[in-house]
1. Has region 244-258 got any residue that is part of a loop (DSSP other than H, G, I, E, B), modelled with pLDDT under 95 and either open to solvent by 70 Å² or more (accessible area, probe 1.4 Å) or within 25 Å of H23 (Cα to Cα) (or both)?
2. How many residues are out of contact with any His (no Cβ under 9 Å at 6 or more places or on another chain) and either modelled with pLDDT of 95 or more or of a type outside the set (S, T, Y) (or both) when one looks only at region 33-53?
3. Hey, could you check region 229-242 for residues that are free of Cβ contacts under 8 Å to residues at least 40 places away in the same chain and part of a strand (DSSP E or B) and say which is nearest to M27 (Cα to Cα)?
4. What is the number of the single condition among (1) touching a residue at least 24 places away in the same chain (Cβ under 8 Å); (2) out of contact with any Asp or Glu (no Cβ under 9 Å at 6 or more places or on another chain); (3) closer than 20 Å to D161 by Cα that Q109 does not meet?
5. Counting only residues that are in contact with a Pro (Cβ under 9 Å, 6 or more places away or on another chain) and among the small types (G, A, S), give me the strands (runs of 3 or more DSSP E) lying completely in region 169-223 with at least 1 of them.
6. Looking only at strands (runs of 3 or more DSSP E) that fall completely inside region 54-159, which ones have 2 or more residues that are at pLDDT 95 or above and surrounded by 19 or more Cβ atoms within 10 Å (Cβ to Cβ)?
7. Any residue in region 124-149 that's more than 18 Å from A232 (Cα to Cα): show its pairings with residues that are among the hydroxyl-bearing types (S, T, Y) at Cβ separation under 6 Å, as long as the two are six or more apart or on different chains.
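The values are calculated or read from the model by the stated rules, or taken from the named source; none is laboratory data. Because the structure is a prediction, the values reported are computed rather than measured. In this analysis, Cβ positions are derived from the backbone assuming ideal geometry, glycine residues included, and neighbour counts consider all displayed protein chains. Areas reflect the complete protein model, heavy atoms only, side chains present, ligands, DNA and RNA absent. Shrake-Rupley method; radii C 1.70, N 1.55, O 1.52, S 1.80 Å.
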Amino acid sequence: EPSTIALPLETPVKPGITLGADHDPAMCGTLSGTVSWALAPPVIPLIRRPLSNLKHDEVPNPNALMLDEQKHIAGAVVMLVGIDPAKSKPWDHAAVHVELHAGGISVVQGDYRGRVGFVRRGDRVTFRIHGEQTFGYRVRGTEVFGNILTAKVPSIERTLDKSGVLHITSASGEYWAAADLFVSDHPYFTRTDAVGRYHFDAVPAGDYELWVVHPNWAVAAIEIDPESGMLARQNYQKSFEESRIVEVLPKTATVENVTLR
């Protein structure tokens with residue numbers, strides 16, 4: 001199942017163009033704002049995780065909406081579409097590690113641990129397991145691949161060569177697990193903080209498409225393993241998305257607030 005995030009794909013950087021080669025701080029501004037939820041806070045039930053034929057526990061939905069008292073959304077993805085890579089600032093996101101564990105799938109990027117990572121096209125991502133249990137994963141989207149990791153082979157690297165969104169799910173029974181990697185030639189991607197704020201600095205002056213995305217927690221379909229009869233994977237409904245054109249001016253702080261519904 002490909003990612004349920006339907007984003008516009010940007011044209012990859014042409015050979016010979018270096019990211020940030022024509023970056024001019026004097027011709028840049030900033031863009032910031034907050035992302036909010038328009039509707040009543042949803043009730044998102046925990047997911048029943050089978051531990052054996054007789055036992056189970058409960059884990060959070062990986063796509064659960066996190067709101068503060070003012071209904072600002074934490075963890076929404078915010079990005080700019082239409083950046084000229086030559087005028088961009090240098091890439092400033094940390095390397096991405098995708099960790100597979102009994103609780104699901106975690107994306108680790110610098111100090112962040114969650115469900116979303118930002119990867120520069122052509123860079124490597126490390127897939128690794130936590131502990132000695134065997135875990136499998138599959139990736140769908142602009143690239144399609146997967147693997148099984150064991151105590152003998154606890155990690156593997158993969159170079160991501162195509163820009164777009166990659167959706168990661170479990171291939172070892174963690175049917176609820178989900179994560180996304182956003183692959184791009186420029187670094188203008190971020191996540192909202194605990195009170196729904198986002199901020200981009202050093203944005204080249206120009207008109208851009210501002211995209212805000214949050215995954216959907218509602219289940220669209222389930223997949224059953226034909227051999228065991230066990231639930232193998234659940235697919236979620238289309239993500240919540242909002243886009244608009246924003247103008248960034250040199251040496252100017254632009255504010256753009258966004259509401260999802």
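1. Checked against the condition, which is being part of a loop (DSSP other than H, G, I, E, B), modelled with pLDDT under 95 and either open to solvent by 70 Å² or more (accessible area, probe 1.4 Å) or within 25 Å of H23 (Cα to Cα) (or both), region 244-258 yields no hits at all.
2. The total comes to 12.
3. Within region 229-242, the match that is nearest to M27 (Cα to Cα) is E242.
4. (1)
5. Values: elements: 179-184, 189-191, 197-204, 206-214.
Where strands (runs of 3 or more DSSP E) fall fully within region 169-223 and carry at least 1 residues being in contact with a Pro (Cβ under 9 Å, 6 or more places away or on another chain) and among the small types (G, A, S), they are 179-184, 197-204.
6. In region 54-159, the matching strands (runs of 3 or more DSSP E) lie at 77-81, 96-101, 104-109, 116-120, 124-129, 135-141.
7. R124/T159; T126/S155; R128/S155; G141/S3
For (1) in contact (Cβ under 8 Å) with a residue 60 or more places away in the chain; (2) surrounded by fewer than 16 Cβ atoms within 10 Å (Cβ to Cβ); (3) under 25 Å from A177 (Cβ atoms), each residue gets a yes or a no:
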{"residue": "V195", "(1), (2), (3)": "yes, yes, no"}
{"residue": "F200", "(1), (2), (3)": "yes, no, no"}
{"residue": "V203", "(1), (2), (3)": "yes, no, no"}
{"residue": "V212", "(1), (2), (3)": "yes, no, yes"}
